[in-house]
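**Q** Would you mind keeping the following structure in view while I ask a few things?
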Amino acid sequence: MHIVAIDGPAGSGKSSVSKASALRLGFGYLDTGAAYRALTLSFLEKKIDVTNLNSQEIAEQFDYAISLDPSNFWVRAFGFDVTEAIREPRVAQAVSLTAGNTEVRAYMKELTRTLVSQSQLPGVVVEGRDITTVVFPDAQTRILLTASEEVRLSRRSAELPAGVSLTEMVTKRDQTDSKVVDFMTPSEGVSLLDSTELTFEQTVDAVIHLVRELR
Ligand code: DC
């Protein structure tokens, strides 16, 4: 199986570029942030404090399923479809706290590796914040997708929900998240792909090129 690991900050185009690349390659697509969001949503609903949970308690509490089909994306938690709900601002505001728990991260790493290995697909494009470094340091293709802060902010402003500031949605969350994982500097063997001057299609082309180069 060919694993394409893609990391990057908010607004770098990670999700849409990963999804489009998966479609062109005939690969699966796995959004790993969705699990952090679904877990956060469940905690919010159940009023559970995330800070003290250990990985065994998480495994017992979390009933999760996600589609790896790039043309039919859905997320389920506790038997409910949460595809839309995990994008709510209350989830975006609370998710960094969930992602800061090291037990949660250990659990998510295993969950991600299991979802990919059980998929029986020829390849999977996996995107997140620690995929090239922690979850799949052994992936055949590893890419850090970035863009200047100005470009990232302007891309995100298009999808900003009412009542949420851009700083809160992008800059603040990246600052909090980067205390846990460094997703701004490529580690050894990771290709840096800067999309500041590229169109969406050019960025996808660059990903495909990197994948083919390594096949
Ligand atoms: O990519 P996203 O915005 O949906 O991710 C939601 C949050 O989950 C984000 O604040 C960082 C965290 N996350 C993480 O820590 N590690 C991952 N592999 C994916 C997401």
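**Q** For segment 36-63, give me the residue count where each residue is surrounded by fewer than 19 Cβ atoms within 10 Å (Cβ to Cβ) and in contact with a strand residue (DSSP E or B) (Cβ under 7 Å, 6 or more places away or on another chain).
**A** Residues flagged as surrounded by fewer than 19 Cβ atoms within 10 Å (Cβ to Cβ) and in contact with a strand residue (DSSP E or B) (Cβ under 7 Å, 6 or more places away or on another chain) within segment 36-63 amount to 1.
**Q** Select from segment 111-153 the residues that are farther than 20 Å from Thr185 by Cβ and within 15 Å of the chain's Cα centre (by Cα) and write down the one among them that is surrounded by the most Cβ atoms within 10 Å (Cβ to Cβ).
**A** Of everything passing the filter in segment 111-153, Val125 is surrounded by the most Cβ atoms within 10 Å (Cβ to Cβ).
**Q** Residue check: is Leu23 in a helix (DSSP H, G or I), more than 11 Å from the ligand (Cβ to nearest atom), more than 28 Å from Glu150 (Cβ to Cβ) and in contact (Cβ under 8 Å) with a residue 40 or more places away in the chain?
**A** yes
**Q** Report yes if some residue within segment 118-129 is part of a helix (DSSP H, G or I) and either farther than 18 Å from Lys19 by Cβ or at pLDDT 95 or above (or both); otherwise report no.
**A** no
**Q** Checking the condition in contact with a Leu (Cβ under 8 Å, 6 or more places away or on another chain) and within 12 Å of the ligand (Cβ to nearest atom), which residue from Thr51, Thr98 passes?
**A** Sole residue among the options that is in contact with a Leu (Cβ under 8 Å, 6 or more places away or on another chain) and within 12 Å of the ligand (Cβ to nearest atom): Thr98.
**Q** Only residues in segment 126-145 that are over 11 Å from Arg113 (Cα atoms) count as the first member; pair them with residues that are among the charged types (D, E, K, R) and more than 13 Å from the ligand (Cβ to nearest atom), Cβ under 8 angstrom, at least 6 apart or cross-chain, and list the lot.
**A** Thr132/Arg142; Gln140/Arg215
**Q** Scanning segment 26-48 for residues that are of a type in the set (Phe, Trp, Tyr) and touching a Leu at 6+ places or on another chain (Cβ under 8 Å), which turns out nearest to the ligand (Cβ to nearest atom)?
**A** Pass one, segment 26-48, residues of a type in the set (Phe, Trp, Tyr): 27, 29, 36, 43.
Right, trim to touching a Leu at 6+ places or on another chain (Cβ under 8 Å) and you get 27, 29.
Numbers: Phe27: 18, Tyr29: 13 Å.
Filtering first and then ranking leaves Tyr29.
**Q** Looking only at segment 2-20, which residues are at negative phi and assigned to a loop (DSSP other than H, G, I, E, B)?
**A** Of everything in segment 2-20, those that are at negative phi and assigned to a loop (DSSP other than H, G, I, E, B) turn out to be Pro9, Ala10, Ser12.
The values are calculated or read from the model by the stated rules, or taken from the named source; none is laboratory data. The model shown is predicted, which means the values in this text are computed figures rather than measured ones. Every residue, glycine as well, gets a Cβ built from its backbone with ideal geometry; the counts of neighbours run over all protein chains shown.
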